[in-house]
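Take a look at the structure below.
The values are calculated or read from the model by the stated rules, or taken from the named source; none is laboratory data. Predicted model, so just to flag it, every value in this text is computed and none were measured. All Cβ positions, even for glycine, are placed from backbone atoms using ideal geometry, and neighbour counts span all protein chains on display. Heads up: the accessible areas ignore ligands, DNA and RNA and are worked out on the full protein's heavy atoms, side chains in. Shrake-Rupley method; radii C 1.70, N 1.55, O 1.52, S 1.80 Å.
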Amino acid sequence: MSLPHAILTALLERPSAGLDLTRRFDRSIGYFWSASHQQIYRELGKLEAEGLIRALPADRPTRGQKKTYEVLPAGRAELERWTAAAQDPKPHRDTLLLRLRAAAVVGTQGLEADLRRHLDLHRRQLAEYEEIQKRDFPPGNDSAQARLQHLVLRAGIELETFWTQWLTEALEEFAELPDS
């Protein structure tokens, strides 16, 4: 149920056409809640049918013109309701951790190289987040919106920091394993 709320959030930040929304989604919300462009377009249709968003009237009707969507009061109320509702944390599922557990019983063939690949990917993601932090959150931007958005980004930075540290330790552990 979170994709509609992610879309409502993005549209409240700025009314957008579907293509603009998917591009913005890829550069922000998509870092922690992924959705394909098809899923976003499908959800826009559902949200419009439910009366939570509407397409803004066009200046001049033209065939193939992109629709710009805005959130209606019912959509804002739904997002407020959802934001305030209690939710339990979801169990963490990660295939890399499951593969590592399986390697304990079937052997580590090929796993070390993939751990190195994961480490490289997490280092790159961490560098990207740190660059976003420098660019978008300079000291002194203390608006509530900026502070909350920065809080989300800092969670991403902390998670990527964790993974780079943990993968480094895992690779050190691999180096000490006896040959099997």
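Between Asp94, Asp20, Asp114, the Gaussian network model of the chain with springs among Cα atoms under 10 angstrom shows the greatest mean-square fluctuation at Asp94. Per residue, the chain reaches -22000 deg cm²/dmol at 222 nm when only DSSP H runs of four or more residues are counted, each adding -39500 (n - 2.57). For region 19-35, backbone phi angles converted through the Karplus equation (6.51, -1.76, 1.60; θ = phi - 60°) give residue-by-residue couplings of 5, 4, 4, 5, 5, 5, 4, 4, 9, 9, 4, x, 5, 10, 9, 8, 7 Hz, Gly and Pro being listed as x. On the chain, 53 percent of the accessible area sits on carbon and sulfur atoms, based on a 1.4 Å probe. Our Cα-only numbers for the chain put the radius of gyration and Dmax at 21.2, 72 Å.
With the other protein chains left in place, how much accessible area per residue, in square angstrom, belongs to the chain at a 1.4 angstrom probe?
On the way: 12850 Å² over 180 residues.
Per residue, the chain has an accessible area of 71 Å².
Report the chymotrypsin sites (Phe, Trp or Tyr not before Pro) located in region 1-55 that are in a DSSP loop and have at most 16 other Cβ atoms inside 10 Å of their Cβ, or state none. Sparse-neighbourhood loop chymotrypsin sites (Phe, Trp or Tyr not before Pro): Phe32, Trp33.
The distance between label points at Arg99 and Ser2 comes to 2.3 nm (points 7 Å beyond Cα on the Cα→Cβ vector).
Exposed loop sites here are trypsin sites (Lys or Arg not before Pro) assigned a DSSP state other than H, G, I, E or B and surrounded by at most 16 other beta carbons within 10 Å; excluding them, the longest clear run of the chain is 94-180. Applied to region 109-123, the Karplus parametrisation 6.51 cos²θ - 1.76 cosθ + 1.60 on θ = phi - 60° returns per-residue 3J(HN,Hα) values of 3, x, 6, 4, 4, 6, 4, 5, 5, 4, 4, 4, 4, 5, 5 Hz, with x for Gly and Pro.
Just check region 22-96 against the gyration tensor rule for me: Cα atoms, a ≥ b ≥ c as the square roots of the eigenvalues, rounded for a/c under 1.5, and otherwise prolate or oblate depending on whether a/b exceeds b/c. Oblate is the answer for region 22-96, as a/c is 1.5 or above yet b/c matches or exceeds a/b.
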